[in-house]
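One structure is given below, encoded as structure tokens.
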Amino acid sequence: MNKVNPKHYRVGGIDTFDYMKAKLTPTELAGFCKANVIKYILRADHKDKLNDLRKGAWYLNRLIYEIEKGQGKPRTMTQVMCAIDSMTQTKDDADKILTDISQLIAQLNAVKEAIEHDDYDKGVEIANPKRKGDL
């Protein structure tokens, strides 16, 4: 079981955080994330230390992700790991993520090969790598 983002946070078909994100302004959502970071860090020494620190880190990384996303920046590895952790509840979830990662690795290898051959159009999305001349 995922202690940071358990199944009961997704009752009704929507993640609680996603619902709040849809209903709050970006400033309100940032305040919510900051308050949770403070809450979990302050109570860590008085409750389940490691779990509370992970929860605080999740909210901090989510806040960073939302800010960077608003600036058009890609996710950091820490944010990717937090996202994977929040999405993984079952073996099937883990298998799906592994399949997605395998496909991403294959796409990145195709881009790398095209770059190595100086045959890559950098203006094209990685998800659909094209060689110069394919446009």
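What follows is calculated from the coordinates using simple rules that are stated; it is not laboratory data. Quick caveat: nothing in here was measured; it's all calculated off a predicted structure.
Numbers at a glance
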{"item": "Extension reserve of the Met81-Ala110 stretch, reckoned as 0.36 nm per residue once the Cα distance is removed", "result": "8.1 nm"}
{"item": "Net lengthening on full extension, Lys49/Glu28 (0.36 nm per residue, minus Cα-Cα)", "result": "4.9 nm"}
